[in-house]
Amino acid sequence: MLTDNHGRKINYLRLAVTDRCNLRCFYCMPEDGLNWLSRAQLMTYEEMLQTCALLVGMGIEKIRITGGEPFVRKDIMKLLTAISKLDGLKELTLTTNGVLTAPHVSELKQIGVKSVNLSLDTLDAGRFFSITKRDEFANVMATMDELLKHDIEVKINAVVMDGKNTQDILPLVELTKELPVSVRFIEEMPFNGNGHVYSGIKWDYVRILDEIKTAYPGIVKLEDPEYSTSYNYQVPGYLGSVGIIAAYSRTFCGTCNRIRITPEGELKTCLYDNGVLNIKDQLRAGISEIDLKTMLLTTFNTRAKDGWEAEQLRTENVRIHESMATIGG
């Protein structure tokens, strides 16, 4: 079993396969996009599979494929299929914006994907375009329909943004009345690719919950699963559930079981650190599996206790400026 220096179990890997995305959500990146990584800078599928196999052998039980948007990378299903066959892996999931996903849902079902996180900040097509700068709302909804039709669990991720989509909180809650989906409201984070540093947010998890309770005073607290990053609730009689993720407030760090690998191979033991080990560079330098395991274990044993400490420990003068697309957040 993998543990860190604070006694926390590590059994969950988030692997970002690309920094590219076909949407331009303002809270993630500038409207004109980013300086995309070149093909040579990206981990190859072979390097990703080798890394996943090594980590599963060390104790990783769950892998989530993220981006950017995973389905903009060519032949992504080949990687997903290969990872799904790793001996010892218990769960393979992914996070997608749903624009290109619908045609692949039946194959996702075939390789054993049981749950998909779908990014969707509004149920209003006009606001969707305002937030994403792309007219893709219909494709996202088609993906949700396909996932539900194939009996794949749907978790909707909605970032709550002051002045942008707070009017969508209640309609998204209402979506859980007739559909067996989990709608998770996420605090906005400072990963927008432009170097803007947050001194706080107006819509934290407390305010989001208060907004929901005003309209649904009978909403009940559910038991949160082990390692859950969300506080979970349900309106009595509704098919689905509601979650609130304190991603900026960072209230769940004490039980964090996850690590991240960026598209260029940078290992992050916390979303808020600036990278602690470049696995791709080590592989290309010809490191042995034994030596790489030793480096990984050393890294896990110097992990920050929470996101606030990780942010403080960032290399001197390195501010949080990444886009969420580059770190698989």
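A few notes on this one:
- Against the chain, whose longest principal axis comes from its Cα atoms, helix 45-58 is set at around 90 degrees.
- Sulfur and carbon atoms: percent of accessible area, the chain [1.4 Å]: 49 percent
- Counting only lysines at least 8 places from Lys78 when in the same chain, those with an alpha carbon closer than 17 Å to its own are Lys109.
- Pairs spanning more than 26 Å between alpha-carbon atoms, out of Lys155/Lys293; Lys85/Lys280; Lys62/Lys155: Lys155/Lys293.
- Each of Gly68, Gly7, Pro171 was scored by the projection of its Cα onto the charge dipole of the chain, and the greatest displacement toward the positive side belongs to Gly7; charges sit on the C-beta of Lys, Arg, Asp and Glu.
- Charge dipole of the chain about the Cα centre (unit charges at C-beta), most positive-ward option of Gly307, Ala158, Asn22: Gly307
- Note on Arg39 and Lys305: their simple-model spin labels are 4.8 nm apart, each label 7 Å out from Cα toward Cβ.
- Met77 - accessible surface, heavy atoms, 1.4 Å probe, Å² rounded to 10: 20 Å²
- C-alpha long axis of helix 137-149 to longest principal axis of the chain, angle in °: 80 degrees
- The chain - share of DSSP beta bridges that are antiparallel (%, nearest 5): 25 percent
- Lys, Arg +1 and Asp, Glu -1 on Cβ, resulting dipole of the stretch 178-288 about Cα centre, debye, nearest 20: 160 debye
- For the stretch 2-152: relative contact order, % (alpha-carbon pairs under 8 angstrom, 6 or more apart): 25 percent
- Contact order normalised by residue count of the chain, Cα under 8 Å, 6+ apart, percent: 23 percent
- Relative packing of 143-150, 102-109, which averages over residues the other C-beta atoms within 10 Å, highest first: 143-150, 102-109
- Solvent exposure of the stretch 92-206 as accessible area per residue, Å², 1.4 Å probe: 41 Å²
- Over the chain: helical MRE at 222 nm, DSSP H runs n ≥ 4 each giving -39500 (n - 2.57), nearest 500: -8500 deg cm²/dmol
- More than 30 angstrom apart: percent of Cα pairs within the chain: 32 percent
- With R₀ fixed at 25 Å, the C-beta to C-beta distance from Lys149 to Leu86 puts the FRET efficiency at about 0.35.
- Between 0 and 90°, nearest 10: helix 289-300 axis offset from the chain longest Cα axis: 50 degrees
- Ratio of Rg to Rh over the stretch 126-176 (Cα coordinates, Kirkwood Rh, two decimals): 0.99
- Anisotropy class of the stretch 1-135 from Cα gyration tensor, a/c 1.5 cut: prolate
The values are calculated or read from the model by the stated rules, or taken from the named source; none is laboratory data. Since the structure is predicted, the reported quantities are computational estimates derived from the model, not experimental observations. In this analysis, Cβ positions are derived from the backbone assuming ideal geometry, glycine residues included, and neighbour counts consider all displayed protein chains. Ligands, DNA and RNA are stripped out before the accessible areas are found, and what is left, the full protein with its side chains, is counted by its heavy atoms. Shrake-Rupley method; radii C 1.70, N 1.55, O 1.52, S 1.80 Å.
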